[in-house]
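The block underneath contains the structure these notes are about, expressed in structure tokens.
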């Protein structure tokens with residue numbers, strides 16, 4: 001009798017010390033996301049290349065698209081005398097303040113303001129042609145000689161014309177005779193002019209300055225790239241690259257731009273599901289609500305990978321207080337509620353995959 005009492009006491013003590021383990025709850029679920037990150041155009045322009053497709057995995061810094069810039073080239077050869085714009089500046093502001101973004105001092109430094117008043121007396125000598133080559137000689141003693149090209153005629157004064165000096169050395173303010181003949185024959189004299197400095201060439205653009213490719217003192221050739229501009233105002237005067245990159249690790253959800261299309265600043269180029277927004281959505285019946293709590297640990301097993309025994313560890317992030325709408329054909333059994341499980345996916349995880357969630 002005593003031994004039976006002793007055994008009963010031992011069993012009672014064991015029950016107190018080692019209570020029954022909590023049963024594991026099992027729920028079906030699927031991989032979903034809690035939100036998407038918009039990749040927007042930092043400026044306007046023409047999309048020249050789209051580098052991603054829907055469903056692609058991307059990492060921070062991966063290219064999404066390329067937007068072309070408006071490129072401005074030197075229209076004359078010469079020396080860069082002034083660069084007043086900086087990357088990020090609004091071009092119109094710089095033009096208003098300084099007259100131009102960039103100034104070029106032309107290779108040919110001198111220009112003659114001429115008149116046919118001192119031309120040799122013939123009707124032909126008073127008919128000047130734009131673009132014709134002329135020959136120059138100073139009136140003082142002929143020691144300074146050179147050549148030039150007629151660059152302009154004055155619409156209001158038919159006697160006035162301009163010559164750009166393309167060869168020879170002259171002094172500022174020097175008086176020079178202009179001839180059609182290389183031997184300076186008097187009968188070929190078409191006028192006389194005064195040497196002045198050729199005006200610097202002002203170079204402007206529109207929009208915002210993205211890149212400056214020259215600096216003061218640089219010698220440039222005609223057609224050389226000076227700067228690039230884009231449409232719109234750059235935020236914080238910051239000039240990004242023309243290649244727009246992802247700022248998040250994740251999965252491309254939508255591609256909203258196509259090569260060859262025009263976009264404005266802040267236009268949506270793509271959206272990305274961030275990696276840390278990937279969750280498992282599962283449905284809990286009202287009868288099971290008391291067995292599941294926010295913060296509970298969970299194990300996630302993918303149906304396609306069930307045989308491997310591999311599981312992802314997660315945690316119940318939220319449980320809805322609003323019942324789930326019943327789907328057509330779903331089995332009865334009372335109200336159902338949605339719960340979400342946070343976990344860290346790897347490269348094998350895809351949106352929409354089906355899983356089994358084990359909650360202790």
| Selection status of residue 157, surrounded by 15 or more Cβ atoms within 10 Å (Cβ to Cβ) and out of contact with any strand residue (DSSP E or B) (no Cβ under 6 Å at 6 or more places or on another chain) | no
| field | Selected residue (criterion: nearest to residue 227 (Cα to Cα)) from residues of the stretch 93-103 that are in contact (Cβ under 8 Å) with a residue 12 or more places away in the chain and exposed (fewer than 14 other Cβ atoms within 10 Å of the Cβ) | value | 99
| Residues of the stretch 63-101 classified as assigned to a loop (DSSP other than H, G, I, E, B), out of contact with any helix residue (DSSP H, G or I) (no Cβ under 6 Å at 6 or more places or on another chain) and farther than 30 Å from residue 53 by Cα, total | 9
| message | Take the conditions at pLDDT 95 or above and out of contact with any helix residue (DSSP H, G or I) (no Cβ under 9 Å at 6 or more places or on another chain) and apply them to residue 152. Does it pass? | response | yes
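Residues are listed down the side, and each one gets a yes or a no for (1) touching a residue at least 24 places away in the same chain (Cβ under 8 Å); (2) crowded, with 16+ Cβ neighbours inside 10 Å; (3) in the same structural domain as residue 46 (by TED's automatic domain parsing); (4) touching a helix residue (DSSP H, G or I) at 6+ places or on another chain (Cβ under 8 Å):
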{"site": "260", "(1), (2), (3), (4)": "yes, no, yes, no"}
{"site": "264", "(1), (2), (3), (4)": "yes, no, yes, no"}
{"site": "270", "(1), (2), (3), (4)": "yes, yes, yes, no"}
{"site": "280", "(1), (2), (3), (4)": "yes, yes, no, no"}
{"site": "294", "(1), (2), (3), (4)": "yes, no, no, no"}
{"site": "297", "(1), (2), (3), (4)": "yes, no, no, no"}
| task | Just need a number here: residues in the stretch 224-264 that are in a loop (DSSP other than H, G, I, E, B) and farther than 26 Å from residue 214 by Cβ. | result | 11
| request: Could you check how many residues of the stretch 72-88 are under 18 Å from residue 221 (Cβ atoms) and surrounded by fewer than 16 Cβ atoms within 10 Å (Cβ to Cβ)? | output: 4
| message | Here is a list: 211, 192. Which entry is touching a helix residue (DSSP H, G or I) at 6+ places or on another chain (Cβ under 7 Å), surrounded by 15 or more Cβ atoms within 10 Å (Cβ to Cβ) and outside any loop (DSSP other than H, G, I, E, B)? | response | 192
| said: What's the total number of residues in the stretch 282-292 that are surrounded by 12 or more Cβ atoms within 10 Å (Cβ to Cβ) and part of a helix (DSSP H, G or I)? | reply: 4
| request: Please state which of the following conditions residue 137 fails to meet, knowing it meets all the rest: (1) over 24 Å from residue 107 (Cα atoms); (2) surrounded by 15 or more Cβ atoms within 10 Å (Cβ to Cβ); (3) free of Cβ contacts under 8 Å to residues at least 60 places away in the same chain. | output: (1)
| query | If you check every pair at least six apart or on different chains, which have Cβ atoms under 7 Å apart with a residue in the stretch 112-129 that is in contact (Cβ under 8 Å) with a residue 40 or more places away in the chain first and a residue that is part of a loop (DSSP other than H, G, I, E, B) second? | reply | 115/159; 116/128; 116/159; 117/159; 125/119; 126/119
| Checking residue 182 against (1) outside any strand (DSSP E or B); (2) in the same structural domain as residue 89 (by TED's automatic domain parsing), the condition it does not meet | (2)
| query | Got at least one residue in the stretch 42-50 being closer than 30 Å to residue 342 by Cβ and at pLDDT 80 or above? | reply | no
| field | Number of the condition not met by residue 345 [criteria: (1) closer than 26 Å to residue 54 by Cβ; (2) surrounded by fewer than 17 Cβ atoms within 10 Å (Cβ to Cβ); (3) at pLDDT below 95] | value | (2)
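The values are calculated or read from the model by the stated rules, or taken from the named source; none is laboratory data. What you see is a predicted model; the values in this text were computed from it and never measured. Don't worry about glycine lacking a Cβ; one is built from the backbone with ideal geometry, like all the others, and counts go over all protein chains shown.
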